[in-house]
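This report concerns only the one structure given below.
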Amino acid sequence: MANLKHLIPQLAGQRILVIGDLILDEYLTGKATRMSREAPIPVLEFESRQLIPGGAANPAANIVALGSTAIQVGVIGSDTNAASVRQVLQTRGIQIDTLIVDPSRPTTVKTRIMAHMGLRFPQQVARLDTLSREPISREVETSITAAISEQIPRASAVLLSDYHTGLLTPSLVNTVKQLASEKGILLTADAQGKLEKYIGFGVVKCNADEARDYLRRDLTTNADFEQASQDLCKSLVLTRGMVITRGGDGATVCTASGEVTHCPAPAVTDVYDTVGAGDTTITVITLAVSAGISLADATSLANYASGLVVRRVGNYTPSPDELAWAIDNWSTA
């Protein structure tokens with residue numbers, strides 16, 4: 001554990017290009033006072049509104065929180081929510097000069113209605129999404145490619161965050177892969193199930209359910225996940241390795257050489273919400289591997305970081321000090 005703690009400073013000082021589907025997470029919180037006479041639902045009296053970077057903006061926020069620089073590449077609309085996205089990202093210290101405006105689509109917003117009911121954290125009672133899943137146009141893709149081409153020579157690594165709202169088309173992913181390969185830059189992806197788009201990347205992460213769906217077989221034991229990670233790493237022709245996250249069971253890692261490691265999860269108490277944990281995981285893995293840390297150690301660090309996230313409601317960006325605290329205080333199975 002002391003060795004992992006020693007690695008934390010290496011997560012800082014990097015320049016990461018984050019490409020993916022931007023989401024503005026909106027939390028509307030109210031106090032539950034009574035049941036409505038109009039329908040069997042609680043009536044909430046408004047208390048607060050909070051805007052948080054979501055989707056591909058969450059890895060960017062995590063990168064900044066850990067001491068590195070994040071350049072955000074994504075698409076926003078020309079609506080009022082676009083201004084909110086810019087403000088939220090700038091407040092977090094994320095560079096936004098490479099945001100592309102597409103007037104034909106809305107800025108993606110996920111609005112969560114939260115009820116305070118005397119518990120430590122409010123409970124979600126409904127969610128309303130504003131989005132388009134249409135693939136970006138050829139013109140928008142050309143603009144994004146130009147922005148990536150300008151930024152990629154100065155990047156330590158490129159992280160793709162795929163939330164399936166139209167930005168990461170197969171052609172754009174292939175373009176990014178070609179540009180990164182020409183410069184010898186690490187490519188990582190949180191595929192969220194669309195694994196076939198990320199053939200030839202450095203590191204790809206998915207969760208256990210996504211691995212089951214992609215491989216079309218049940219995965220239960222450590223041996224099952226060991227074989228799955230090897231199969232995925234080989235079929236996707238990954239140059240660094242494959243990571244399958246397994247929640248409380250940790251993560252299984254297979255390197256490009258075929259070596260498999262099981263990285264146990266820390267003994268986290270008070271788990272409230274898994275939202276954002278995957279974003280933090282791919283962020284820490286990207287920063288660590290880019291710094292020369294082994295994929296297994298990178299994933300172990302990510303397990304501690306995501307453990308800090310699940311103790312909060314919504315996206316959370318742990319600091320280096322919090323990560324050090326978690327390593328000192330949480331044991332692993």
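Brief remarks on what is shown
- Residue within the stretch 137-146 that is closer than 16 Å to GLY74 by Cβ and in a loop (DSSP other than H, G, I, E, B) present: yes
- Of all residues in the stretch 193-202, those that are in contact with a helix residue (DSSP H, G or I) (Cβ under 7 Å, 6 or more places away or on another chain) and either of a type in the set (Lys, Arg) or surrounded by fewer than 19 Cβ atoms within 10 Å (Cβ to Cβ) (or both) total 3.
- Filtered residues of the stretch 247-283 (kept if in contact with a Phe, Trp or Tyr (Cβ under 7 Å, 6 or more places away or on another chain) and modelled with pLDDT of 95 or more): THR252
- Here the stretch 244-279 is the region considered, the condition is being in contact (Cβ under 8 Å) with a residue 24 or more places away in the chain and over 24 Å from ARG312 (Cα atoms), and the residue that is surrounded by the most Cβ atoms within 10 Å (Cβ to Cβ) is VAL253.
- Selected residue (criterion: surrounded by the fewest Cβ atoms within 10 Å (Cβ to Cβ)) from residues of the stretch 65-81 that are more than 24 Å from VAL173 (Cα to Cα) and aliphatic (A, V, I, L, M): ALA65
- Some residue of the stretch 306-327 being over 19 Å from the mean Cα position of the chain (by Cα), free of Cβ contacts under 8 Å to residues at least 40 places away in the same chain and in a loop (DSSP other than H, G, I, E, B): no
- Qualifying residue in the stretch 214-233 (condition: among the small types (Gly, Ala, Ser), within 22 Å of SER290 (Cα to Cα), in a helix (DSSP H, G or I) and at pLDDT 95 or above): yes
- Residues (within 22 Å of ALA155 (Cα to Cα) and either among the basic types (Lys, Arg) or surrounded by fewer than 24 Cβ atoms within 10 Å (Cβ to Cβ) (or both)) located in the stretch 203-235: LYS205
- Of all the criteria given as (1) within 19 Å of VAL289 (Cα to Cα); (2) buried (at least 20 other Cβ atoms within 10 Å of the Cβ); (3) touching a helix residue (DSSP H, G or I) at 6+ places or on another chain (Cβ under 8 Å); (4) of a type outside the set (A, V, I, L, M), the one not satisfied by ASP162 is (1).
- Here is the figure for the stretch 251-301: residues that are in contact with a Gly (Cβ under 6 Å, 6 or more places away or on another chain), more than 23 Å from ILE63 (Cβ to Cβ) and either of a type in the set (A, V, I, L, M, F, W, C) or not in a strand (DSSP E or B) (or both) total 3.
The values are calculated or read from the model by the stated rules, or taken from the named source; none is laboratory data. These figures come from a predicted structure and were not determined experimentally. As a convention, Cβ positions derive from the backbone with ideal geometry for all residues, glycine included, and neighbour counts pool all protein chains shown.
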